[in-house]
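Report on the structure given below.
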Amino acid sequence: MRSVLERGTSGRRALRLLGLAGMVVLLQSGLPAAEALPRLPPEQQVVSIYGQTGWQRIRQWQVLIDRLQGRAVNTQLAGVNDFFNQLRFVDDIDVWHVEDYWATPFEFLGVGAGDCEDFAMAKYLTLRELGVPDAQLRLHYVKYIPYDQFHMVVTWAPSPTTPPVVLDNIVKPIEPASRRNDLVPIYSFNGSHLWISKLGGGGREVGESSRLSLWQSWQQRLDDGTLRDPRR
């Protein structure tokens with residue numbers, strides 16, 4: 001599958017196509033990559049916002065991480081993908097009452113629903129906590145052809161020359177990127193870099209991922225332990 005750049009679309013134009021030009025900002029320096037699971041919020045705080053069911057989902061996440069520690073990467077990928085794909089897909093406007101909000105995994109699990117960014121970023125953070133190297137993971141913004149809408153997935157490849165696999169909340173089984181002809185790649189990023197890229201790996205690096213203001217805000221809220229209340 002040809003990338004957006006191979007189709008003659010510039011990186012800046014690709015971002016505008018996705019409606020993200022306003023959120024890409026130049027910063028002097030970025031925050032550290034998300035490499036460890038933040039401490040668990042107090043039970044009383046979580047229950048007061050999301051109820052006992054939300055707290056139980058967060059606790060199940062902790063159990064999942066404990067169970068997958070030290071396991072083979074393929075087992076970790078499948079376990080993480082299946083766990084989060086149990087949650088409901090709901091647009092940000094219906095959950096958080098704003099057009100675009102990147103929920104932390106605590107918020108996503110708390111409400112039990114979110115959009116594609118929430119699925120992808122929760123999977124990414126969990127895999128990082130399990131020890132999967134950042135260099136092997138990317139968060140990909142793509143266009144999902146059957147729905148004619150923009151979408152986010154996670155890809156994993158053990159090396160830059162190895163074809164990656166795709167973790168998705170629409171097509172739920174993990175599949176090689178080479179089989180995902182339903183996805184048109186736009187750009188990708190991880191804890192330290194931003195690329196205009198091919199879904200099948202590689203791509204032209206265009207800067208640091210700290211340029212993404214929503215990505216930076218997401219990391220800051222993880223560090224601060226901030227929990228957004230969907231009722232407000």
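Sorting 166-177, 104-115 by average packing, meaning the other beta carbons within 10 Å per residue, from highest down gives 104-115, 166-177. Sorted from longest to shortest, the spans of the Cα atoms of the range 53-174 along the three principal axes equal 39, 35, 21 Å. A full extension of the chain between ALA135 and PHE89 corresponds to an added length of 13.8 nm, given 0.36 nm per residue minus the alpha carbon distance.
Once the Cβ-Cβ distance of TYR147 and ARG232 is raised to the sixth power relative to R0 = 35 Å, the FRET efficiency obtained is 0.70. Stretching the chain fully between GLN56 and THR75 yields a gain of 4.5 nm (0.36 nm per residue, less the alpha carbon separation).
The calculated P(r) of the range 37-85, using every Cα pair and 10 Å bins from 0, goes 24, 46, 25, 5 in percent. Using the Cβ of THR104 as centre and a radius below 14 Å, the other residues enclosed give a net charge of -3, where K and R count +1 and D and E count -1. A straight chain from SER217 to SER178 at 0.36 nm per residue would run longer than the Cα-Cα distance by 10.8 nm.
FYI, it's all coordinate maths here, none of it is from the lab. Quantities reported herein were computed from a predicted structural model and do not represent experimental measurements. Every residue, glycine as well, gets a Cβ built from its backbone with ideal geometry; the counts of neighbours run over all protein chains shown.
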